[in-house]
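The block underneath contains the structure these notes are about, expressed in structure tokens.
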Amino acid sequence: ASTLFIPPGVHIQGPGRDSTIITGDIGTSTLLSAANAVLALSDGSQVSALTVQNTHAASTHSFGIAAVGIVATDTSTPALFPTRVENVRVRLDGAATGRHYGLFVRGADIAAKDIEIYVTGSTERNRGIDVTLDSSYLYLEGASIRADNNDNQDSGFSMNLGTAEIHRSVIYGFGAGGQSYVAGFALLEVAFILFALLRRPRPSLARSSA
């Protein structure tokens, strides 16, 4: 199996999460690669009303959905970013020693609404959402996210630089060191994050040109 790279502007839409399930056994030894994902977004592509499941169980890394190197032309209203994931369930549960990430965002501007992510099985690290690079902007609304493996340091949400705007969401990191980690700007509105309450200055929604 290999990653399905969705072409720019293409919308993959199912009739519902329980009706359409896209499954893959996909992973590589390169951590920060979209090739670890079942689905990889591109500029203006969308995924909605379906389930994505990565069953990979090995020493390599695996993702559900990846967004890498996608820059929005208009960043003034992140909720309207053209690259979108909406009404989607993501699940990773293979017994693995490589990392499991539900949604991987690296140097990308995307909006994710009404999503459900459950990640478990890795003995190294399970992350519901992983955001990296300062050029990333994730708009998240109506999310239910859980990462756990009981004996591991797992994160429902992890951001190493970048900006995240989170509305009406519940995020769990449940393990021996369960956590949600943020380095960057996090704007929270009616969001509950287990094990971490993040209080940051409200950032401007428009990215600085500096």
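Restricting the calculation to alpha carbons of segment 29-86 gives Rg and Dmax of 13.2, 41 angstrom.
Accessible area per residue for segment 1-79 is 43 Å², calculated with a 1.4 Å probe on protein heavy atoms, without ligands, DNA or RNA. Computed over neighbours whose Cβ is under 15 Å from that of Ser59, the net charge equals 0, Lys and Arg +1, Asp and Glu -1. The peptide list 49-55, 63-69, put in order of mean Cβ contacts within 10 Å with the highest first, becomes 63-69, 49-55.
The values are calculated or read from the model by the stated rules, or taken from the named source; none is laboratory data. Since the model is a prediction, treat every value here as computed from it, not as a measurement. Counting neighbours? That spans all protein chains shown, and the Cβs are built from the backbone with ideal geometry, glycine included. The protein model used for the area step is the full one, side chains on, heavy atoms only, and it has no ligands, DNA or RNA in it. Shrake-Rupley method; radii C 1.70, N 1.55, O 1.52, S 1.80 Å.
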